[in-house]
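Heads up, the thing below is written out as structure tokens.
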Amino acid sequence: MRERVVVTGTSLVCSLGASPEEAANRLLEGGSGLNPCGLEALGVKEAAWFGEVGADLKQALGGKGWRNHNRAALMACLAARELRKESGLEQAWRPEDAGLVMGYNHNIFSEEFVETIRNQNLSLLNPAFFLNISTNATASQVTIYLKAQAFAMTVTTGFTAGLEALDQAALALRAGRARWVMAGGAEERNEQFRYSFHQAFRRNADAGQATALRLGAPNQITAGEGCGLMMLETEGEARARGARVLGGLLGSGMGVNPGAKGGDPAAAEAALRQALKQAGLEARDVSAVFVAGNGHASQDQAEAKALERVFGGNLPPATALKGALGETYHAHGTLAAVLALECLRQGRIPGTLNLGDAGLAQRINLNREARAVSGKRAVVLALEQDRKAAALVLEAA
Amino acid sequence: MTARAGRPEVYVTGLGLNTPLGAGAEAFWPALVAGTSGVGPVTRFDTRWLPVHMAAQIKDLDGLRNLSTEEQKALDPAARLALSAGRAALADAGWLGADQRSQHGAVDLVFGTTHGDLNEHVVRCKRTWETQDLASALEVTRDIVSENVTYSFLYQMAQRLGLTGWQSTNTNACAASGYALSLAVERIRQGLADVVLAGGMDLLAEPDYTGFCSLRAMAPDCCRPFDRARRGLIMGEAGAALVLESGESLRQRGGKAYARVLGYGWSSDAYHLSTPHPEGWGTRQSVALALKDAGLKAEEIDGIVAHGTGTPGNDRTEAQAFREVFGERVPPVTAPKSMIGHAMGAASAIEAVIGVLSLKHQTLPPTINHEETDPECPVEVVRKARSLRLRTCLTNSSGFGGNNDSLVFGEVAEAGWRR
């Protein structure tokens, strides 16, 4: 029998706020974190939309000592500090008992690095900068900041990484590798990336509005950034220390269909079925679905088909957070899981902003407005295009 | 060396590798035991502007023997390197069909890498930055979002090998593939998988080479692990894959294995992004935890394949950690990076392969370029290939950010299962 893994704390930093409650409340009120971001210096005349974290991260972390940290590390350190506090572990913290699993994308696309190589001038490269673009630098900075010494792992698998991080944390907990594992994902978006992304998906700006989710429309993805973390423990450990349990991870699934193209739902369907099976649940037991929906036409179609196949006539209310947060990539899965837990606690799920195709939205029970849900179980989905999907079934306490 | 109660045993049933000393164990092992150096001048990119010029490169990257012509043309170098190693490992384990795909569709797949193939990515970044045109931006965006250099090679592998099971990429710097192997072990132990293809892949890349130059971490001539005159690391590249399999799967199909994975240990220095903990705390912890996981006492380890990068800091703290765990009787230590360079994210996988082959051949390969042991590295370094009774072998790895991973391999106990 698998030992149950529970959530004893959550935290986040995103374009809608710096706490799960604040961000969830803004979502439930219909708020959006997407705003035009300035790319004029790079020759972009039209508005380019982006889900930017507005907080002064260095200030929030105490001002000094953060000069060389990348932006994702700043978000992750801030979220981890709050997470430890929320989990009631500040006093009990023992470094060798604490682990970390972080979904994160590397940030090699940077002017400093490119300039160094282009000009063949090593003096242009700050060694500290090189260290901070290492893929595992963000996780490492968190371990250094909070002293987490059991282990640190970085998962760099794209859109599914945040959910994979939660799953790998559960694996490590069941193996007895730590008493507490901070798990989640972080993603930053520097100017070069925003420029590149905007150019690739510039139609979103031509439309003159944030169009993170336009089901069935041409690809109109808007980027975002943020960090979401959960404190995970085995139920036995949490009970023994008298921790406040926010919820539990009931099951996870992964579907892989590596050659898939053009709206193939097989990976998403497999992930959903596996997660439900591992949770020991039927489709009708799920209260809400937090879909991946990022506005990529064929991906949204694939996800819709998978949901229809798995849930049939029992499709619960669904929501797509990227309409308000943007595509936060490696951070998405955990941000969605953190917000799902908070929304379930409040008994409501947010509406979906910028819905483009009402017909498709109706098929998978997406709504423009926030609404009440009964029950405490949600499915969170993440899609790595059509070729891979991860699903998580979680339950609020 | 008995099985831990109630826990599935994990066996190594297949090996695949591409290294600067050749492809496949049959080419690699004799060269390694002979003390062959795979180090030479960098030919992959221009180093004339940099202070050092040496690396260990794979010589036949464009002609990997077990790939089709179409695969050689269609895939980028990172995918070719990983696919070739993975396919060879599946073939070696007896899981590859005549169609060059896995006969076991539910094989899990997990690889470690630092950055994947950055060379082409940097070329595109440079072009984008210079031209700021849409086509270049699209290429870079595809690199980052769609065909991400750190994991797209895994899809290419999965597609070509017909794998649809669980898969993931670990990017724990130079300990990445050790973590990938550990995750594979744990998935088998927890009953989530029967067979896992696990390993590591990294290519010699201009950005990393430049970065290590900026850190002044590279030796100008050769890698001298644990030597008084060591001056730094030599970068390398490799693709290495191991098929890990549950005892039950092995028993059912009547397969044979090279070794058992007896245990693994993890730790995080939580100290500095590049400097190891000054007292070697992290390595000591990961080694101690690996022994505990294996249910072994320190004196039951017969040989060590060290991380041994040849940098002053790593070798000193690693040796000190060994002394703390093993006391005066540290088992013989070998450091293959002296011959094959530091393959970054692939390093721990290739060193796991070396540990497994050491058990098979009852021989520890040499540490070349080692003349005089640094008194600050008080371990017995194997300078010439040594035949000895090896029942167990520890492999150890560390990465930037203080990520440490140790693995313990043991002989296959069942005589009929041994290969």
Residue B:214 fails exactly one of (1) in contact (Cβ under 8 Å) with a residue 40 or more places away in the chain; (2) more than 30 Å from residue B:8 (Cβ to Cβ), namely (1)
Give B:220, B:278 a once-over and let me know the one that is closer than 21 Å to residue B:337 by Cα and not small (Gly, Ala, Ser).
-> B:220
By residue number, the members of the stretch A:1-47 that are crowded, with 24+ Cβ neighbours inside 10 Å and modelled with pLDDT under 95 are A:33, A:34
Scan A:323, A:351, A:295 and give me the residue that is part of a loop (DSSP other than H, G, I, E, B), under 21 Å from the mean Cα position of the chain (by Cα) and away from chain B (no Cβ under 14 Å).
-> A:351
Residue A:144 vs. criteria closer than 24 Å to residue A:229 by Cα, modelled with pLDDT under 85 and more than 19 Å from the chain's Cα centre (by Cα) = no
Given (1) on the phi > 0 side of the Ramachandran plot; (2) in contact with a strand residue (DSSP E or B) (Cβ under 7 Å, 6 or more places away or on another chain); (3) at pLDDT below 95, residue B:276 misses just (1)
Contact list, first residue from the stretch B:181-193 and within 9 Å of chain A (Cβ to nearest Cβ), second anywhere and in a helix (DSSP H, G or I), beta-carbon distance below 8 Å, six or more apart or interchain, is B:183/A:168; B:183/A:171; B:186/A:171; B:186/A:172; B:187/A:171; B:190/A:171; B:190/A:174; B:192/A:171
Which number in (1) facing chain A (nearest Cβ under 7 Å); (2) at pLDDT 95 or above; (3) surrounded by fewer than 21 Cβ atoms within 10 Å (Cβ to Cβ) marks the one condition that residue B:132 misses?
-> (2)
Out of (1) within 14 Å of chain A (Cβ to nearest Cβ); (2) touching a Pro at 6+ places or on another chain (Cβ under 7 Å); (3) outside any loop (DSSP other than H, G, I, E, B); (4) under 30 Å from residue A:3 (Cβ atoms), the one residue B:248 does not meet is (1)
Pick from A:379, A:373: which is surrounded by 24 or more Cβ atoms within 10 Å (Cβ to Cβ) and of a type in the set (A, V, I, L, M, F, W, C)?
-> A:379
Go through the stretch A:128-143 residue by residue and tally those that are within 13 Å of residue A:102 (Cβ to Cβ), at the interface with another protein chain (Cβ under 7 Å from one of its Cβ atoms), of a type outside the set (Gly, Ala, Ser) and outside any loop (DSSP other than H, G, I, E, B).
-> 1
Within the stretch B:62-119, restricting to residues that are exposed (fewer than 15 other Cβ atoms within 10 Å of the Cβ) and under 22 Å from the mean Cα position of the chain (by Cα), the one that is nearest to residue B:188 (Cα to Cα) is B:65
Has the stretch B:376-386 got at least one residue that is assigned to a helix (DSSP H, G or I) and either modelled with pLDDT of 95 or more or surrounded by fewer than 24 Cβ atoms within 10 Å (Cβ to Cβ) (or both)?
-> no
Residue pairs qualifying under the 6 Å Cβ cut-off, at least six apart or on distinct chains, with the first in the stretch B:291-309 being on the phi > 0 side of the Ramachandran plot and surrounded by fewer than 20 Cβ atoms within 10 Å (Cβ to Cβ) and the second being at pLDDT below 95 and not in a strand (DSSP E or B), are B:295/B:4
Would you check which residues across the stretch B:167-192 are buried (at least 24 other Cβ atoms within 10 Å of the Cβ) and assigned to a loop (DSSP other than H, G, I, E, B) and list them?
-> B:171, B:172
For the stretch A:71-117, enumerate the residues that are among the aliphatic types (A, V, I, L, M), farther than 21 Å from residue B:282 by Cβ and within 12 Å of chain B (Cβ to nearest Cβ).
-> A:108, A:114, A:117
Quick one: is residue B:44 modelled with pLDDT under 95 and not in a strand (DSSP E or B)?
-> yes
Of the conditions (1) at pLDDT 95 or above; (2) within 14 Å of another protein chain (Cβ to nearest Cβ), residue B:360 clears all except one; give me its number.
-> (2)
Among the residues of the stretch A:195-207, count how many are out of contact with any Asp or Glu (no Cβ under 9 Å at 6 or more places or on another chain) and either among the basic types (Lys, Arg) or modelled with pLDDT of 95 or more (or both).
-> 1
Among A:120, A:149, which is out of contact with any Gly (no Cβ under 6 Å at 6 or more places or on another chain), surrounded by fewer than 23 Cβ atoms within 10 Å (Cβ to Cβ) and facing chain B (nearest Cβ under 7 Å)?
-> A:120
Considering A:54, A:88, A:65, which residue is part of a loop (DSSP other than H, G, I, E, B) and modelled with pLDDT of 95 or more?
-> A:88
Does the stretch B:366-389 include one or more residues that are touching a residue at least 60 places away in the same chain (Cβ under 8 Å) and under 23 Å from residue B:182 (Cβ atoms)?
-> no
Mind checking whether some residue in the stretch B:322-342 is assigned to a loop (DSSP other than H, G, I, E, B), β-branched (Val, Ile, Thr) and in contact with a Pro (Cβ under 7 Å, 6 or more places away or on another chain)?
-> no
Here the residues within the stretch A:257-269 that are modelled with pLDDT of 95 or more and either over 17 Å from residue A:293 (Cα atoms) or touching a Lys or Arg at 6+ places or on another chain (Cβ under 9 Å) (or both) are A:265, A:267, A:268, A:269
Output the qualifying pairs, or none if there are none: Cβ atoms under 8 angstrom, residues six or more apart or on different chains, first residue in the stretch A:82-95 and at positive phi, second residue exposed (fewer than 14 other Cβ atoms within 10 Å of the Cβ) and of a type outside the set (Gly, Ala, Ser).
-> A:88/A:244
Across (1) buried (at least 24 other Cβ atoms within 10 Å of the Cβ); (2) modelled with pLDDT under 95, residue A:363 clears everything bar (1)
Any chance the stretch A:213-232 includes a residue that's of a type outside the set (Val, Ile, Thr), at pLDDT below 65 and within 19 Å of the chain's Cα centre (by Cα)?
-> yes
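The rows are residues; the columns are (1) among the hydroxyl-bearing types (Ser, Thr, Tyr); (2) modelled with pLDDT under 95; (3) under 23 Å from residue A:329 (Cβ atoms).
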position	(1), (2), (3)
B:74	no, yes, no
B:79	no, yes, yes
B:100	no, no, no
B:105	no, yes, no
B:110	no, no, yes
B:115	no, yes, yes
Checking B:13, B:19 in turn, the sole residue that is farther than 30 Å from residue B:292 by Cβ, buried (at least 20 other Cβ atoms within 10 Å of the Cβ), polar (S, T, N, Q) and in contact (Cβ under 8 Å) with a residue 40 or more places away in the chain turns out to be B:19
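The values are calculated or read from the model by the stated rules, or taken from the named source; none is laboratory data. The shown structure was predicted, so the numbers you read here are calculated from the model rather than taken from an experiment. Here the Cβ is made from the backbone with ideal geometry for all residues, glycine too, and neighbour counts use every protein chain on show.
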